[in-house]
Amino acid sequence: MPWQECSRMDRRLEFVRLAEASGTPFTTLCAGFGISPKTGYKWLTRYAEEGVAGLADRSRRPQTSPHRTPDAVVAALAEVVAAHPAWGGRKLHAVLVARGIAGVPAPSTITAIIQREGLRPPVQPGTHPVTRFEAETPNDRWQLDFMGPRPLRTGRVIPLTLLDDHSRYALGLEAVPAQTRATVQAVLAACFERYGLPSEILTDNGPPWGSSHPRTRTQLEVWLMQLGITVTYGRPLHPQTQGKIERFHRTIQLEVFAGPLWPDRPAAQSAFDAFRHSSNHDRPHEALDLQPPDRRYQRSSRVWTGELPPLEYADDALVRIVTPKGIIRVYGHTLYVGEAFQRLPVGLIPTATDGVYRLLFANQQLRTVDLRQHDQP
């Protein structure tokens, strides 16, 4: 989709940084952002010559940096705290230094100033930290989740979030009206177009991506599997499995929803866009050596074509089409695969044990089946 007026600068900066970090063909990257290569080269040239200021429309006034005094430092700190109430002293220190403010105090002093000036309520003590895992490279694993519904002055909104596990880069933050498969699939398709395909997506066990039955796959999961994306699920009642996105949600609650109610979903989406840009390009992350996530993220080399690849299996595979009831028949045996696979081919690959097969869909194994037993559910 072409750039919208309200987030033009943010998207130009995101485009430039992805172009610098990514090995994706330039025309592909431009297509993901809905711009022509000519426009893309224009913003790269302006950024190289003038930095971020070069990405502004020529009619806009350049920002100035007034003389700083101790009172001005406190005022600048208050401004950042108001915009990012969840940030601690180290993040705030890094941001103020990055903004070129003279006389920035130490992080511990910043914390003391916040308390002395009453810039935000005292932080309540939390639980002991837990050990987190991290994907090795960008796009190895994305985390996907809904926040609970949030009220608006008119109706409600459900935030849908998508986060790169390695870099903490916010790939998507969408104000959606309902938790449906069609909604999630449309958001994912837009993210795939912009950022390419991940290797894995981690979610919780809830709908529309998960099912309470371990052998039951959802239509959304089947779609992702056909794209070569592995879908994994957090352990039930263990939100720390998705600790990064849970922490991201707490920050959204503090920075986007702590104030007056947004009037409607478009207004909430504008707030989401501004928050996502700040989170990706401004927010120093302690797990990233106080660098913002965009310094660590790069676009995936797996390009989204907009089409599902053909389902092909090895020559020694037994290929069967799943019926509308979700079953296949093999040598007189009835095997349940799942209604989500209906009218799609699956493959059974023989193992070293006679009668035992690996049941595959696309390039992923669903389970092992033993035809020496009676009909399997």
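Screening GLN291, GLN269 for residues that are without any contact (Cβ under 8 Å) to a residue 12 or more places away in the chain, closer than 20 Å to HIS84 by Cα and surrounded by 12 or more Cβ atoms within 10 Å (Cβ to Cβ) leaves exactly one candidate, GLN291.
Residues of region 254-311 that are basic (Lys, Arg) and touching a Pro at 6+ places or on another chain (Cβ under 6 Å): ARG283 alone.
All conditions in (1) among the β-branched types (Val, Ile, Thr); (2) in contact with a helix residue (DSSP H, G or I) (Cβ under 6 Å, 6 or more places away or on another chain); (3) modelled with pLDDT under 80 hold for VAL157, with the sole exception of (3).
Residue by residue, here is whether (1) within 24 Å of LEU197 (Cβ to Cβ); (2) more than 30 Å from the chain's Cα centre (by Cα) holds:
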position: LEU261; (1), (2): no, no
position: PRO284; (1), (2): no, no
position: SER300; (1), (2): yes, no
position: ASP315; (1), (2): no, yes
position: PRO324; (1), (2): no, yes
position: LEU348; (1), (2): no, yes
position: ALA352; (1), (2): no, yes
position: GLN365; (1), (2): yes, no
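Restricting attention to region 214-233, the residues that are surrounded by 15 or more Cβ atoms within 10 Å (Cβ to Cβ) and not in a loop (DSSP other than H, G, I, E, B) add up to 11.
The values are calculated or read from the model by the stated rules, or taken from the named source; none is laboratory data. Keep in mind the model is a prediction, meaning the values are calculated, not measured. Ideal geometry is used to build each Cβ from the backbone, glycine not excepted, and the neighbour counts take in all protein chains shown.
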